[in-house]
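A short reminder: the numbers here are calculations on the coordinates, not readings from a lab. The structure displayed is predicted, hence computed values, not measured ones. Cβ placement follows ideal geometry from the backbone for every residue including glycine, while neighbour counts extend to all protein chains displayed.
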Amino acid sequence: MTTDTLAGSGTTLITVAPTGAEADKIWHPALPVTLEELVTTARECEAAGASVIHVHIRDDQARPTLDPARLKDTVAALRENSTLIVQLSTGGAVTDAYADRLAVLDAGPDGCSLTCGTVNFGDEVFMNPWPFIRELYARTQERHVVPEFELFDLGHVATLHRLLDELGEPYGGHVHCDLVMGVPGGMRGDAATLVSAVEALPAGASWSATGIGRTALPVLFAALSAGGHLRVGMEDTTSYAKGRPVTGNAELVGRAAALAEFSQRPPMRPDQARAFLGVGDQH
């Protein structure tokens, strides 16, 4: 593999994605949609082994929103109540305007997601044209926000190379990617696809992997066996096992942490994760 699989190989970075923009609170009562619920989730997931929280927020009716004031309040509350790295989603919902997605950085997070291409997302289209990707990346460099490059397909890896070639290394000096696998319209959530994607990454990059829905466990095991890191959470799956709903995000983090321990790569603590990802002091 061309990536530096030894980077962080003695420990496992676990990111929790607790909410997302798709799941419905009515059908999934454990989904954290209020600020209080999100703060409680952050505490529980940090205790269970997470070191990064990937954040989407909801409005008073539990609908996805990119409201600037709510985002700032969320970042402040998570910092006050946990030591997790706060990574805001710049994807939002598929209907969000590019300007609103760029403005997410105004909330001053530690990190953000940066999706490297457009992808069919079930029946919808998650739009990420090149000019938007480039502008978002340039702003992360200016604002000292560490990007996590989200890759839904192998073509997105080519865009990542183009981005680095044109604009240079990210703030923090380290390229970290998340392979989002199993989305209908994106790359398959299996070991063979994971290996192909990892081999195409820039030299020295580290990576996590996310399995959507029923691909959650196959991707988790494949990532651990290949020296990668993990993202879990109710954004990506709301089932713990066939016919058994997730009781909460900490349950998914706890399983990931236990398997990381079993693999003799225990979970990173938040301070270790900050050094690993190149995250600076809190804003």
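Results, tabulated for the structure shown:
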quantity	calculated
Placed amide H near TRP207: partners under 5 Å, 5+ positions off or other chain	CYS177, HIS229
Gain in span if fully extended, TRP27 to VAL195, counting 0.36 nm per residue against the direct Cα distance	57.0 nm
The stretch 24-75 shape via C-alpha gyration tensor axes, a/c threshold 1.5	oblate
Between the stretch 160-231 and the stretch 78-128, the Cα center-to-center distance that results, in Å	17
The chain: antiparallel DSSP beta bridges as a percent of all, rounded to 5	20
Overall Cα dimensions of the stretch 48-162 - principal axes, largest extent first, Å	38, 31, 30
Peptides ranked, highest mean first, by Cβ atoms within 10 Å: ranges 173-184, 108-119	108-119, 173-184
Kirkwood-based Rg to Rh ratio, the stretch 115-221, C-alpha trace	0.96
Radius of gyration and maximum dimension Dmax of the stretch 232-283, Cα, Å	14.1, 43
Cα→Cβ-extended label distance, 7 Å offset, between GLU80 and ARG162, nm	4.3
Cα gyration tensor, the chain - rounded (a/c under 1.5), prolate or oblate	rounded
Sequence-separation-based contact order of the stretch 185-283, relative, with Cα cut under 8 Å and 6+ spacing, percent	19
Net length gained if the chain between LEU217 and GLU124 were fully extended (0.36 nm per residue, minus Cα distance)	31.0 nm
Helix-only [θ]222 nm of the chain, DSSP H runs n ≥ 4, -39500 (n - 2.57) each, per residue, nearest 500	-11000 deg cm²/dmol
Three-way shape label, the stretch 168-283, alpha-carbon gyration tensor, a/c 1.5	oblate
The chain, relative contact order [Cα under 8 Å, separation at least 6], %	26
Label-to-label distance, nm, for residues given as SER239 and ARG188 (7 Å Cα→Cβ offset)	1.9
Additional length obtainable on full extension of the chain from THR247 to GLN61, 0.36 nm per residue less Cα span	64.8 nm
